[in-house]
């Protein structure tokens, strides 16, 4: 092969920094595209509608959901998105923007953390592995509280490491401010996960001087100051009103719920949320959430525990154990919960990235381990390209030419890079860039093609848009018993929701004709009750966050759709 071509190659070690910048630009383009995609039912659309409700009613400390008291997630996501709505207006991107910025802060924190304990290239690779992991890309699109939790907890751990290694009051104050914000994002897990990371580091380093420091108690005071507005709101909303019924219970303390029941209660069983998932649930989640680095992580953990065993569970001065404790102990604690969803474990992604990057760096220095590392990365990378091909060929065939061109070119470049690896000296950075490129190609297909074709099947968003296009004001919209939070968000207001035919009929008698979003069951009840209506529009709805084989197959997709309607309900003659 022409030597000049090798020297210009995108993956040549001499162009490492330039290649990383181009990959970073590609990542930004793909993630920004995700900002403009519709929010999905159930969680993301609920939080978006609650932030919209908060921006409209001005109830910042006493959080409400559809006008009722809300006690589940802390308010940081609602606060930040509501502020964004007030500044930029109510849009998909203005809801997601604060969370995307928090994710970027988390990536930066991993890089800065890596600089403390590792070579600069290992720090860059760890940051790249976090940024180019499937879970993080999904979190920047399907925005929930976990995106903020990940970003602030990573920043907290980085600043704690800076303080413990180099001193400086700004670092411990910043660390506990970030812990406070992490707790405001999703509860005590923001403190616990950071404590797992720092505590493991202290214990395995035998760094006893860092155990009894006055800054830890003072730092908790800093975190409590950050939490004070939320605590005051919870106290006023719930603790002063024990007569309120919350989630079917009387006498609920908002403060107790936040500091104990919301997180620890899922382990003890006190929390009402239970789905009894098995303890190993998050293991298979990580096989896709940490693509394409998941197999590298497994190797890193095996080697890490082997080394610890022979070192008698003591790491040398200059080494770190934040990543091991932050990943393993947090993963284990979350696995004990009686209610699990895939995104709960994404808080561990920064530490998985550090572990994988550190192992890859050491593996590439040994011939046998280097060969293993290449295989462990090539298999998930190939799986990402195969998944993209499956989407383009099978799930939504016949897409625009430009999407196919980008995909074919990306695949050719990836294959070309794997051929070049036989002729160019390789290091951990070149291997990381190949994995990042594979993820970027898959993320491009997701955000530029798959989701734009998938989300139109979410009729809780499409129905309000149809109404607006046909001149129907949002004030004339309501929904039947089945309801998606996206219906409120895309209507731009909290729409009435009726549980009985009597309520449906009474609303028309009081307010005149209106349009009801209903499924077959509600329509059948209306027919049986003799309510006067006409069908304004019919749609085929699918719960897009819960993909099923029947929907993914174009031949059976129509049969997987649930009929829903906009029915014009008329008042009855007096």
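The values are calculated or read from the model by the stated rules, or taken from the named source; none is laboratory data. Note that the coordinates shown come from a computational prediction; the quantities given were computed from them, not determined experimentally. No Cβ is skipped: glycine too gets one built from the backbone with ideal geometry, and neighbour counts run over all protein chains shown.
Structural remarks
- Any hit, region 516-530, residues being surrounded by 13 or more Cβ atoms within 10 Å (Cβ to Cβ), closer than 30 Å to residue 389 by Cβ and at pLDDT 95 or above: no
- Test: residue 505 is assigned to a helix (DSSP H, G or I) and farther than 30 Å from residue 387 by Cβ: yes
- Count of residues meeting criterion [within 24 Å of residue 122 (Cα to Cα) and either modelled with pLDDT of 90 or more or surrounded by fewer than 16 Cβ atoms within 10 Å (Cβ to Cβ) (or both)] in region 311-341: 19
- Check on residue 572, more than 30 Å from residue 446 (Cα to Cα), loosely packed, with under 12 Cβ neighbours inside 10 Å and in contact with a helix residue (DSSP H, G or I) (Cβ under 8 Å, 6 or more places away or on another chain): yes
- Across region 130-146, not a single residue is classified as part of a helix (DSSP H, G or I), over 17 Å from the mean Cα position of the chain (by Cα) and outside the structural domain of residue 462 (by TED's automatic domain parsing).
- Listed conditions (1) in the same structural domain as residue 163 (by TED's automatic domain parsing); (2) over 20 Å from residue 24 (Cβ atoms); (3) without any contact (Cβ under 8 Å) to a residue 24 or more places away in the chain are all met by residue 120, apart from (2).
- Looking across region 23-51, the residues that are in a helix (DSSP H, G or I), over 15 Å from the mean Cα position of the chain (by Cα), farther than 30 Å from residue 62 by Cβ and in contact (Cβ under 8 Å) with a residue 24 or more places away in the chain come down to 23, 24, 26, 27, 30, 33.
- Qualifying residue in region 357-364 (condition: under 23 Å from the mean Cα position of the chain (by Cα) and assigned by TED's automatic domain parsing to the domain that holds residue 122): yes
- Yes/no for residue 161 being closer than 15 Å to residue 351 by Cα, touching a residue at least 12 places away in the same chain (Cβ under 8 Å) and in a helix (DSSP H, G or I): yes
- Number of residues in region 479-502 that are assigned to a helix (DSSP H, G or I) and farther than 20 Å from residue 51 by Cα equals 2.
- Those residues of region 288-332 which are in a loop (DSSP other than H, G, I, E, B) and farther than 21 Å from residue 139 by Cα, in sequence order: 311, 312, 313, 314, 315, 316, 317, 318, 319, 320, 321
- All told, residue 64 falls short of being outside the structural domain of residue 241 (by TED's automatic domain parsing), modelled with pLDDT of 95 or more and surrounded by fewer than 19 Cβ atoms within 10 Å (Cβ to Cβ).
- Among the residues making up region 342-376, a single one is in a loop (DSSP other than H, G, I, E, B) and either buried (at least 24 other Cβ atoms within 10 Å of the Cβ) or touching a residue at least 24 places away in the same chain (Cβ under 8 Å) (or both): 364.
- Within region 540-563, the set of residues being in a strand (DSSP E or B) and within 29 Å of the chain's Cα centre (by Cα) comprises 540, 541, 562.
- Restricting region 204-215 to residues that are part of a helix (DSSP H, G or I) and surrounded by fewer than 16 Cβ atoms within 10 Å (Cβ to Cβ), the residue that is modelled with the lowest pLDDT is 209.
- In region 543-568, the qualifying residues are those that are over 16 Å from residue 521 (Cα atoms) and touching a helix residue (DSSP H, G or I) at 6+ places or on another chain (Cβ under 6 Å), and the one that is surrounded by the fewest Cβ atoms within 10 Å (Cβ to Cβ) is 556.
- Subset of region 496-511 [in contact with a helix residue (DSSP H, G or I) (Cβ under 9 Å, 6 or more places away or on another chain), free of Cβ contacts under 8 Å to residues at least 40 places away in the same chain and under 19 Å from residue 474 (Cα atoms)]: 496, 498, 511
- Residue count for region 451-491, restricted to those that are surrounded by fewer than 21 Cβ atoms within 10 Å (Cβ to Cβ) and under 30 Å from residue 379 (Cβ atoms): 3
A quick yes/no check of all residues on (1) more than 24 Å from the chain's Cα centre (by Cα); (2) in a helix (DSSP H, G or I); (3) within 22 Å of residue 324 (Cβ to Cβ):
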position: 154; (1), (2), (3): no, yes, yes
position: 157; (1), (2), (3): no, yes, yes
position: 165; (1), (2), (3): yes, yes, yes
position: 174; (1), (2), (3): no, yes, no
position: 185; (1), (2), (3): no, yes, no
position: 190; (1), (2), (3): no, yes, yes
position: 195; (1), (2), (3): no, yes, yes
position: 199; (1), (2), (3): yes, yes, yes
position: 202; (1), (2), (3): yes, yes, yes
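- Checklist (1) farther than 16 Å from residue 140 by Cβ; (2) in a helix (DSSP H, G or I) applied to residue 447, failing item: (1)
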